[in-house]
1. Does Phe240 count as in a loop (DSSP other than H, G, I, E, B) and within 16 Å of the ligand (Cβ to nearest atom)?
2. Listed residues Thr286, Thr258; which is more than 9 Å from the ligand (Cβ to nearest atom), touching a strand residue (DSSP E or B) at 6+ places or on another chain (Cβ under 7 Å) and not assigned by TED's automatic domain parsing to the domain that holds Arg28?
3. For the stretch 277-319, which positions are of a type in the set (A, V, I, L, M) and within 16 Å of Gly50 (Cα to Cα)?
4. Here are the criteria: (1) assigned by TED's automatic domain parsing to the domain that holds Thr135; (2) out of contact with any strand residue (DSSP E or B) (no Cβ under 7 Å at 6 or more places or on another chain). Tell me which single one Ala98 does not satisfy.
5. Report those strands (runs of 3 or more DSSP E) wholly inside the stretch 11-110 carrying at least 2 residues which are within 15 Å of the ligand (Cβ to nearest atom) and β-branched (Val, Ile, Thr).
6. Filter the stretch 293-326 down to the residues that are more than 15 Å from Thr354 (Cα to Cα) and surrounded by fewer than 22 Cβ atoms within 10 Å (Cβ to Cβ), then identify the one that is farthest from the ligand (Cβ to nearest atom).
7. Quick check: is even one residue across the stretch 207-214 farther than 30 Å from Pro142 by Cα, surrounded by 16 or more Cβ atoms within 10 Å (Cβ to Cβ), of a type in the set (A, V, I, L, M, F, W, C) and within 16 Å of the ligand (Cβ to nearest atom)?
8. If you scan the stretch 114-151, which residues turn out to be assigned to a helix (DSSP H, G or I) and within 10 Å of the ligand (Cβ to nearest atom)?
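The values are calculated or read from the model by the stated rules, or taken from the named source; none is laboratory data. Everything numeric in this text was worked out from a predicted model, so none of it was measured. Ideal geometry is used to build each Cβ from the backbone, glycine not excepted, and the neighbour counts take in all protein chains shown.
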Amino acid sequence: MSLENPIQNKSDVIIIGGGPAGSTMASRLAEQGLDIVLFDKDHHPRFHIGESLLPRNLPILAKLGILEAVEKMAVKKLGADLALPDKTYYRKFEFSEADKNHPHAFQVKRAEFDHLLLNTARDKGATIHEGVKVTNVSFDQPEAVVVSTIDSEGNEQEWQTRFVVDASGRDTFLAGRMKTKERDPQHNSAAVFSHFEGVDRRPGPDAGNTSVTWFKHGWFWTIPLSGNVDSVGVVCDPEFLRTRKTSLDEFLLSTIETCPQMKQRMAQAKSISETQAAGNFSYKSTKMHGDRFLLIGDAYAFLDPMFSTGVYLAMESAMQGADAIQTFLGDENEGALCLDTHAKKMERGLSHLTWFIYKFNTPAMQTLFMSKLNPFNMRRSVISLLAGDIFGRMPGGVGAPAFKLAHRFLSIFRC
Ligand SMILES: Cc1cc2nc3c(=O)[nH]c(=O)nc-3n(C[C@H](O)[C@H](O)[C@H](O)COP(=O)(O)OP(=O)(O)OC[C@H]3O[C@@H](n4cnc5c(N)ncnc54)[C@H](O)[C@@H]3O)c2cc1C
């Protein structure tokens, strides 16, 4: 279809995507009085996987002014537990052990949570277009970026802006176009997941905790959500997923059957949504920012979801990135330096987290996580990680180097 409309007035920032990263960025910048336009190809509320938040999310929710609203829709999560497949035994990690100031987090239905974040950005003054897909971004003009869109009726439009933020999630809009997206050859997992009713939860106050249960081909998660619904999924080697001869529903249920602890907890459970799959999911863009653009959240990198860090990283990268963009709009040279500093900080956090993810399924890591011994106060270090302390030095313990040393030692002795 030909373009019927002239290029729209120039905004300060255009954001591609209204997930946690895009909406947080829009809120933060609109609060500063900037002219912000956000496009999401979907209409909200819409389903999204990624329901377990971390204690480190809470200060961000407070800054956005929505902590109480999220609390009302959420299940309270005091920690997480790790379980081995063949026993009823599990090891519990409570956030309060690592940080008394951030003793809990929330489990949320993403349809509700993302809708709240998007409406918050709208309330703060951002212009939100739902059901409008970004189809092209052109950096050909020296002082403006031109963004092309198409709405659900097929109407195409062009928009000028001073800066563009890619928050398009796993669609990786800009990284795909710039050919900067690199899959992680060392970590290629797949996930199959659904919502269930009637999952046997942990007792008492632990009923809101995430459980991670290892099994031969990977690990399961159970995440308790409001209304007696639990998110249940399996993360596995893609080779194992390729052995599937049945529907996704049947595959998920038969895989649960192979793990005694999960089988027991799911004995009375009924699936209440369509089972979905996500494949080959770890990647990173070789570029996080450049002339008039920044990639945030999953649009920049996606790591395995085992530590439930995705939404936190999306929102944290938006908060930090927004400060750098604000500086850029006032002084481009200084702003470029701020974007660089932001990128380096994010990189450091991601590489720290990547190390743990690579090792997660090794026997040595399972020994370290499950052991009742606590050399070098490692338990506290583990909990800091589970709470999302990706950017600071792990409090209370001797930090990542000691953990890495212990892991190497155990690996050598094949523990
Ligand atoms: C199996 C699995 C389990 C997970 N579990 C967890 C968990 O427990 N906890 C956790 O924190 N994270 C989890 N994650 C990760 C989490 O889902 C993501 O990290 C998080 O949603 C990233 O937020 P985002 O805003 O960057 O992207 P998204 O939430 O994906 O939002 C991107 C938005 O961009 C829009 N969009 C895309 N392309 C365009 C376009 N061209 N034009 C306009 N709009 C566009 C989409 O419609 C979407 O709304 C999990 C992920 C997977 C795959």
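1. Judged against the criteria, Phe240 is not a match.
2. Of Thr286, Thr258, the one residue that is more than 9 Å from the ligand (Cβ to nearest atom), touching a strand residue (DSSP E or B) at 6+ places or on another chain (Cβ under 7 Å) and not assigned by TED's automatic domain parsing to the domain that holds Arg28 is Thr258.
3. Across the stretch 277-319, the qualifying residues are Ala277, Ala278, Ala299, Ala301, Leu303, Met306, Val311, Leu313, Ala314, Met315.
4. Condition not satisfied by Ala98: (1).
5. Because the criterion is at least 2 residues that are within 15 Å of the ligand (Cβ to nearest atom) and β-branched (Val, Ile, Thr), the strands (runs of 3 or more DSSP E) in the stretch 11-110 that meet it are 36-40.
6. Among them, the one singled out is Gln326.
7. Scanning the stretch 207-214 turns up at least one residue that is farther than 30 Å from Pro142 by Cα, surrounded by 16 or more Cβ atoms within 10 Å (Cβ to Cβ), of a type in the set (A, V, I, L, M, F, W, C) and within 16 Å of the ligand (Cβ to nearest atom).
8. Within the stretch 114-151, Asp114, Leu117, Leu118 meet the criteria.
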